[in-house]
Amino acid sequence: MKKYIFYTIFLLSLSSCDVNNNKISNTYQFDIERFEKLFHETTINNLSDLKNKYPFLFPEQYSNEIWTNRLNDTIQKEIYSEINIAYPNLDNEKNDLINFYNNFTSYFPTYKLPRIITLISDIQYENRVILADSLLLIGIDNYLGSNHLFYSSMPKYISDNLISRMIVSDVAEEYAHYIIPKNNFYTFLDRIIFYGKVLYFKDIMLPKLDDRYKIGYSKLNMEWANNNENFVWTYFVEKELMFSSDNKLTNRFINIAPFSKFYLSVDNDSPGMIGKFIGWQIVRSYMENNKTTLVEMILMNPADIYNNSKYKPNK
């Protein structure tokens, strides 16, 4: 059985989302469907009823034997047990999502909320959340706590983010990628501004969430980024990286990693993704110094944002 048995990759579409600058006020109520609970508490005799309700989670190429074996699998039972301990209910997470959707639909008022479904993803932390036009799938086994036994073999910079506070941040991340175009993605500047837009989107949609959860930093890493912003920016400028098309810069400063690669003694102290952090500060500076709406900014050319940002980090 393939490891991603419940994690079919869906095509994303903006057809149900109308970009609109006129904010409105909504209060949404919805259910979070606990598929992992429904599946593990069903019986073989009742499995067909569950398959009829969730046909998209039961690919036709797999026989009933696959699902029967999964129901009886001791590892699957242990994962489900740990989920029940960590999440006897999802009241806090639901409130976070309600607040997010209230903010999101104030900018995109015709957006139709998807079905929100939690499930076991076999701890596929690379795809903790998957968004489709009518479905939002949350691999709840990826949020059991950074020190959970299931994550003991993972690098700490990854397991640090496998916590409940990251659920709404990861959901917002998916929506940001859903609406922010990658028309300009050639230079290092293009890339860090793109991720700056993603993080600023979180600023607006998740105003009460700590910055470190928006970017996925530990408290220590967030402090390092804030304290060394001027050093990082000076390095980028002096090394003439901003308009470079060198793809290696993505691995050095943008991708998830244990640290950023300046090739200096500070490397081991630095957090990964520091390019995203700088892009975030540039976008924040632009929005503070210009009368531009969120939607207008999302569609702007990265160079225009940079040139009009008046960005100057504190020394």
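Between the helical axis of 166-179 and the longest alpha-carbon principal axis of the chain there is an angle of about 70 degrees. To make sure I understand the rule: partners must be aspartates and glutamates, Cα under 20 Å from the Cα of LYS37, and not fewer than 8 residues away in the same chain. Which ones qualify? Within the straight-line limit of under 20 Å, LYS37 reaches these aspartates and glutamates: ASP49, GLU65, ASP73, GLU78, GLU82, ASP91, GLU93, ASP122, ASP141.
Centre-to-centre, using Cα atoms only, segment 191-251 and segment 52-116 are separated by 31 Å. Other residues within the sphere of radius under 15 Å centred on the Cβ of TYR286, judged by their own Cβ, net out at 0 (K and R +1, D and E -1).
About its Cα centre, how strong a charge dipole does the chain have in debye, to the nearest 20, once Lys and Arg get +1 and Asp and Glu get -1 at the Cβ? Numbers along the way, then the final one.
Working: 33 positive and 36 negative charges, 123 e Å.
For this selection, approximately 600 debye.
Helix 91-107 axis versus longest C-alpha principal axis of the chain: approximately 50°, rounded to the nearest ten. In loop segments of segment 62-114 as defined by DSSP, the trypsin sites (Lys or Arg not before Pro) with at most 15 further C-beta atoms inside 10 Å of their C-beta are LYS112. For LYS112, the lysines whose Cα comes closer than 22 Å to its Cα, not counting residues fewer than 8 places off in the same chain, are LYS23, LYS53, LYS94, LYS202.
Between helix 229-238 and the chain there is an angle of about 70 degrees, using the helix long axis and the longest principal axis of the Cα atoms. Per q in 0.16, 0.18 Å⁻¹, report the Debye log10 I(q)/I(0) for segment 120-252, using one uniform scatterer on each alpha carbon and no solvent. Normalising to I(0) and taking log10 leaves -0.99, -1.19. Between LEU38 and LYS94, the modelled label-to-label distance comes to 1.5 nm, taking each label 7 Å out from Cα in the direction of the beta carbon. Note on the chain: antiparallel DSSP beta bridges, both residues inside, total approximately 25 percent of the bridges counted. The longest part of the chain holding none of the exposed loop GluC sites (Glu not before Pro), meaning those outside H, G, I, E and B in DSSP with at most 16 other Cβ atoms within 10 Å, is 61-239.
Between ASP267 and VAL295, what's the calculated FRET efficiency when r is the beta-carbon distance and R0 is 45 Å? Round to 0.05.
Numbers: r = 38 Å, r/R0 = 0.84.
With a Förster radius of 45 Å, E is 0.75.
Which of the lysines could a cross-linker bridge to LYS248, judged by Cα under 24 Å and excluding same-chain residues fewer than eight apart? Counting by Cα, and skipping residues close in sequence, LYS248 has these lysines nearby: LYS156, LYS182, LYS197, LYS239, LYS261, LYS276.
The share of Cα pairs per 20 Å bin across the chain, counted from zero up to the longest distance, runs 30, 55, 15, 0 percent.
For segment 32-179, what does the relative contact order come out to in percent, with C-alpha contacts under 8 Å and a separation of six or more? Don't skip to the end; give the middle numbers.
Details: 137 pairs, mean separation 32.8, N = 148.
About 22 percent, as a whole number.
Mean separation of Cα pairs under 8 Å and 6+ residues apart, divided by the residue count of the chain: what relative contact order is that in percent?
Numbers: 417 pairs, mean separation 55.1, N = 315.
Relative contact order comes out at 17 percent.
Of the Cα atoms belonging to segment 32-179, the radius of gyration and Dmax stand at 16.1, 46 Å.
Values quoted throughout were computed directly from the atomic coordinates according to the rules given, and no laboratory measurement underlies them. The structure displayed is predicted, hence computed values, not measured ones. Note: ideal-geometry Cβ built from the backbone for every residue, glycine included; neighbour counts use all protein chains shown.
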